[in-house]
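K.L.:
The structure that follows is given in the form of structure tokens.
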Amino acid sequence: MKPSPFEYVRPGNLEEALAVLARDPDDSKILAGGQSLVPMMNFRLARPARLVDINRVPGLSGIQEAGGRVVVSTLTRHLALQETDLPGALGHLLRRAASHVGHLPIRTRGTFGGSLAHCDAASEWCLVARLLDAEMTVRSQARGTRTIAAADFFQAVFTTAMEPDEILVSVSLPALGEGYTAGIAEFARRAGDFAIVAATAAVRVEDGSVTDARVCLGGVAEVPFRSAAAERTLLGQPWSPELVTAAAEAAATEADPPSDAHGDAAYRRDLVRALLPRALGRPATGAAR
Ligand SMILES: Cc1cc2nc3c(=O)[nH]c(=O)nc-3n(C[C@H](O)[C@H](O)[C@H](O)COP(=O)(O)OP(=O)(O)OC[C@H]3O[C@@H](n4cnc5c(N)ncnc54)[C@H](O)[C@@H]3O)c2cc1C
């Protein structure tokens, strides 16, 4: 398949990119890694009149730590996140999540920001962003810079709160300090496929009790699903294998997954029961996962 004809623009800086977008936002698309957009164009599911390639825009790549936050710039490739030496629970979660994204060529080209902007409910980065209440920084020529909370950012399948004239510039995540562990577990039919169900979790355990609990599931709703029931089950309780099982049951009961060719709702609930304990880890040892 070949895409319909389009104009290709390669701005040299962010202001130029924003100016091109501002001229005709509804018919222009940002090109980042191209790993989702190009296949969609080849299938003619997307027919933008113009591609704005931001790959030569300086300052849009890298991972920076400052003041208890970690800022991931939009063009940071999946592979760079897989290879980051960021310490602690966040570093561990980023490396593990990245290792689940597609295959090596996809991880080499595809970007963190492109994944979030694409907004697939099973995408590892969408789950991590929602799990950690990430803050998305977006820019436009008309309105300058604004920040969107992850809870508002993911609106529906392939739909975010960004306007068509906006570029996602960077994403801020909490560093997950002392006492935190975090993990991801997922099931896909073939290595490299999008997960049928994915589970992410982050918990802080202090003096044997859970003082922060975050659970986010993929593949059970149109957008990443924070399980309030699982989080309530965990919070304030002694950290134990029984607690982990109870949290997984709460999440499976609360979720209302779709049925489709990849699996029905009951199957997806069973996957939640199996995967969430793996994402939460083994309380007895607090071992890395
Ligand atoms: C075979 C295959 C398997 C895959 N498996 C997985 C998987 O298991 N998990 C997973 O998460 N992903 C998977 N992917 C998708 C991959 O992660 C993509 O890299 C990602 O979805 C999009 O990132 P990209 O940089 O390639 O964005 P692009 O394809 O360039 O863009 C995607 C969309 O986001 C918009 N966009 C991109 N950057 C910005 C920005 N900075 N601001 C505003 N809008 C922007 C584009 O206009 C477009 O609409 C897979 C892809 C393939 C081809």
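K.L.:
Treat every Asp and Glu Cβ in the chain as -1 and every Lys and Arg Cβ as +1, leave all other atoms uncharged, and give the resulting dipole magnitude about the Cα centre to the nearest 20 debye.
P.N.:
Approximately 740 debye in magnitude.
K.L.:
I would also like to ask the following. To check my understanding: the extent here is largest minus smallest coordinate of the Cα atoms along each principal axis. What are those three numbers for the chain, in Å, largest first?
P.N.:
Reported extents, whole Å, longest axis first: 58, 45, 32.
K.L.:
With axes computed from alpha carbons, what is the tilt in degrees of helix 14-23 against the longest principal axis of the chain, rounded to the nearest 10 within 0 to 90?
P.N.:
Computed tilt is about 70 degrees.
K.L.:
Once the Cα atoms of helix 241-254 and of the chain are each reduced to a long axis, what angle between those two axes, in degrees from 0 to 90 to the nearest 10, is obtained?
P.N.:
50
K.L.:
Right, another one. Given only helices, namely DSSP H runs of n ≥ 4 each adding -39500 (n - 2.57), what is the per-residue ellipticity at 222 nm of the chain, to the nearest 500 deg cm²/dmol?
P.N.:
Helix contribution divided over all residues of the chain: -9000 deg cm²/dmol.
K.L.:
Chymotrypsin sites (Phe, Trp or Tyr not before Pro) within segment 1-49: which are DSSP loop residues with at most 14 other Cβ atoms inside 10 Å?
P.N.:
Phe43
K.L.:
Based on the inverse mean of 1/r over its pairs of different Cα atoms, what is the Kirkwood hydrodynamic radius of segment 105-204, in Å?
P.N.:
So the Kirkwood estimate lands at 14.7 Å.
K.L.:
Same structure again: Exposure proxy check: Ile148, Ile54, Ile106 ranked by fewest other beta carbons within 10 Å?
P.N.:
Ranking Ile148, Ile54, Ile106 by Cβ neighbours within 10 Å, fewest first, gives Ile106, Ile148, Ile54.
K.L.:
So, one more: Could you tell me, in Å, what Rg and Dmax come out for the Cα atoms of segment 180-280?
P.N.:
Both quantities, over Cα of segment 180-280: 13.2, 45 Å.
K.L.:
Oh, and also: Roughly what angle does helix 265-280 make with the longest principal axis of the chain, taking Cα atoms, 0 to 90 degrees, to the nearest 10?
P.N.:
80
K.L.:
Exposed loop sites here are GluC sites (Glu not before Pro) in DSSP loop states with at most 14 other C-beta atoms within 10 Å. What is the longest stretch of the chain lacking them?
P.N.:
Maximal segment without exposed cleavage sites: 84-177.
K.L.:
Scan segment 165-213 for trypsin sites (Lys or Arg not before Pro) in coil per DSSP, keeping those whose Cβ has at most 16 other Cβ atoms within 10 Å, and list them by number.
P.N.:
Arg189, Arg190
Each reported figure results from applying straightforward, stated rules to the coordinates on display, with no laboratory input. Only a predicted model underlies this, so the values are computations on that prediction, with no experimental measurement involved. Ideal geometry is used to build each Cβ from the backbone, glycine not excepted, and the neighbour counts take in all protein chains shown.
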